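Have a look at the structure below before the remarks.
The values are calculated or read from the model by the stated rules, or taken from the named source; none is laboratory data. On a predicted model such as this, the values are computed, not experimentally measured, just so you know. Because the Cβ atoms are built from the backbone with ideal geometry, glycine has one as well, and the counts that use them run over all protein chains shown. Surface areas here come from the heavy atoms of the whole protein model, side chains and all, with no ligands, DNA or RNA. Shrake-Rupley method; radii C 1.70, N 1.55, O 1.52, S 1.80 Å.
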Amino acid sequence: MKSTQPSNYNALQIGLHWLTALLILAAFILVWSFDNTPLAPATFKLKLQLIAWHKWAGITVLMLFALRMAYKLVRGTPAIDPNLPALQRKMALGVHHLLYLLMLALPLVGWLLTSAKGYPVMLYGIWQMPDLISPNEEMAHTLKEIHEWLANGLMLCIALHVAGALKHYFIDKDGTLARMLPFLKR
């Protein structure tokens with residue numbers, strides 16, 4: 001494990017961050033589209049495709065999460081600005097930890113939910129992922145509720161994360177946002 005912290009995120013870390021963000025956004029849009037597409041013979045195949053893409057996005061976020069955590073252990077990440085007030089540093093760290101926890105928990109619960117419903121997860125339409133639990137409608141109902149709560153929590157954490165980044169850029173005028181958007185002026 002690396003003992004010194006890097007001063008900036010590198011291209012791989014930045015790319016993984018934004019790819020994960022885009023996939024999370026896509027997952028939300030896909031499930032919203034699924035929920036707002038009427039169930040009718042003309043839209044049945046579309047609804048199945050939307051939910052399949054939602055699952056692909058979620059499982060891909062899970063895989064990227066594992067890659068990000070492994071790379072974080074190898075390379076490390078830049079330290080939070082030590083000049084920030086202690087409360088802001090704790091809030092930033094807390095939001096980051098919650099984001100990581102939710103990027104792990106939300107796809108896992110979705111995968112459990114799909115297994116409990118008795119539906120396979122066909123990753124990218126080519127690989128059937130193993131069921132994590134046996135079909136169980138009561139468990140599926142509980143997991144659906146948990147999945148929705150976790151999704152709402154993720155949206156809230158993302159909103160806090162974005163608000164913090166914008167605060168750093170527009171109010172503090174420091175280089176925090178430029179660490180993930182290198183084209184911005186520091």
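What size of dipole, in debye to the nearest 20, comes out for segment 11-184 about its Cα centre when the only charges are +1 on Lys and Arg C-beta atoms and -1 on Asp and Glu C-beta atoms? Let's see the in-between values first.
On the way: 13 positive and 9 negative charges, 93 e Å.
Using only the charged Cβ atoms, the result is roughly 440 debye.
Between Ile126, Ile80, Ile146, where does the largest GNM mean-square fluctuation fall for the chain, given springs only between Cα atoms within less than 10 Å?
Ile126
Any idea what angle helix 11-35 forms with the longest principal axis of the chain, computed on alpha-carbon atoms, 0 to 90 degrees, nearest 10?
40
What does the helix-only formula give at 222 nm for the chain: each DSSP H stretch with n ≥ 4 adding -39500 (n - 2.57), the total divided by the residues, and the result rounded to the nearest 500 deg cm²/dmol?
Details: 4 runs with 119 residues, N = 186.
Helix contribution divided over all residues of the chain: -23000 deg cm²/dmol.
Take the solvent-accessible surface of the protein heavy atoms, probe 1.4 Å, and return the percent of it on the chain that carbon and sulfur atoms account for. Mind dumping the intermediate values first?
Working: 8320 of 11690 Å².
Carbon and sulfur atoms account for 71 percent of the accessible area of the chain.
With everything on Cα atoms, drop me the angle between helix 137-166 and the longest principal axis of the chain, reported from 0 to 90° to the nearest 10.
Here the helix axis deviates by roughly 30 degrees.
Going by average Cβ density within 10 Å per residue, which order do the peptides 17-25, 36-44 take, highest to lowest? It would help to have the intermediate numbers written out before the result.
Numbers: 17-25: 15.8, 36-44: 9.2.
Highest to lowest by the protection proxy: 17-25, 36-44.
Enumerate the amide H contacts of Val121 below 5 Å, restricted to partners 5 or more residues apart or on another chain; note that Pro and chain-start residues carry no placed amide H.
Met129
At 1.4 Å probe size, with every protein chain present, just tell me what the per residue accessible area of segment 11-184 comes to in Å².
Working: 10470 Å² over 174 residues.
Per residue, segment 11-184 has 60 Å² of solvent-accessible surface.
Over its Cα atoms, what ratio of radius of gyration to 2.2 N^0.38 Å does the chain give? Please report the intermediate quantities before stating the final value.
Values: Rg = 18.8 Å, N = 186, 2.2 N^0.38 = 16.0 Å.
Normalised by 2.2 N^0.38 Å, the Cα Rg of the chain equals 1.17.
Going down the table (Lys45/Lys117; Lys90/Lys173; Lys90/Lys144), which pairs top 26 Å between alpha carbons? Let's see the in-between values first.
Values: Lys45/Lys117 19 Å; Lys90/Lys173 20 Å; Lys90/Lys144 31 Å.
From the list (Lys45/Lys117; Lys90/Lys173; Lys90/Lys144), the Cα-Cα distance tops 26 Å for Lys90/Lys144.
Between the helical axis of 86-117 and the dominant principal axis of the chain, each derived from Cα atoms, what acute angle in degrees is found, rounded to the nearest 10?
Taking Cα atoms only, the helix is inclined about 20 degrees.
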